[in-house]
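The values are calculated or read from the model by the stated rules, or taken from the named source; none is laboratory data. Quick caveat, the model's predicted, so the values are computed rather than measured. With ideal geometry, Cβ positions are generated from the backbone for all residues, glycine too; neighbour counts draw on all protein chains shown.
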Amino acid sequence: MDLVSKPCKELCDWAETPTPRDGKKLFECSGCGSQWMRGEPWTPRQHDGTTPPAVQAEIRISQPWLSFGSGGS
């Protein structure tokens, strides 16, 4: 099943959904309804430009060498 992808409304607020998909955490944007999970070729950002800590943790599972710096982005 494909992930939902919708145009950004610049109201981004990413949170983990209660139901994982394919054994991975699934995240959804409450601003537009788009979805993301580890392995996607892009990184979700909040409306302020930061990367949510839970998303950072998921990315580090497959790419532990990445650093998100001090603002979370």
* Asked: How many residues does the range 10-27 hold that are under 13 Å from GLN46 (Cβ atoms) and out of contact with any helix residue (DSSP H, G or I) (no Cβ under 7 Å at 6 or more places or on another chain)?
  -> 5
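Would you tally the residues in the range 1-33 being of a type in the set (Gly, Ala, Ser) and under 19 Å from PRO53 (Cβ atoms)? Lay out the reasoning, then the answer.
Initially, the range 1-33 is screened for residues of a type in the set (Gly, Ala, Ser), giving 5, 15, 23, 30-31, 33.
Now drop any that are not under 19 Å from PRO53 (Cβ atoms), which leaves 15, 30-31.
Going through the range 1-33 one residue at a time, the tally reaches 3.
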* To do: May I ask you to verify whether CYS8 is buried (at least 16 other Cβ atoms within 10 Å of the Cβ), touching a residue at least 12 places away in the same chain (Cβ under 8 Å) and in a loop (DSSP other than H, G, I, E, B)?
  => no
* Identify the single condition in (1) in a strand (DSSP E or B); (2) touching a helix residue (DSSP H, G or I) at 6+ places or on another chain (Cβ under 7 Å) that PRO44 does not satisfy, given that it satisfies every other one. => (1)
* Structure fact -> Considering the range 14-39, residues that are assigned to a loop (DSSP other than H, G, I, E, B) and surrounded by 14 or more Cβ atoms within 10 Å (Cβ to Cβ), and then whichever is modelled with the lowest pLDDT, we arrive at ARG38
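Out of the residues in the range 46-73 that are charged (D, E, K, R) and at pLDDT below 95, which is surrounded by the fewest Cβ atoms within 10 Å (Cβ to Cβ)? Break it down into steps so the answer makes sense when it comes.
Quick first cut of the range 46-73, residues charged (D, E, K, R) only: 48, 58, 60.
Adding the requirement that they be at pLDDT below 95 leaves 58, 60.
Values: GLU58: 23, ARG60: 14.
Filtering first and then ranking leaves ARG60.
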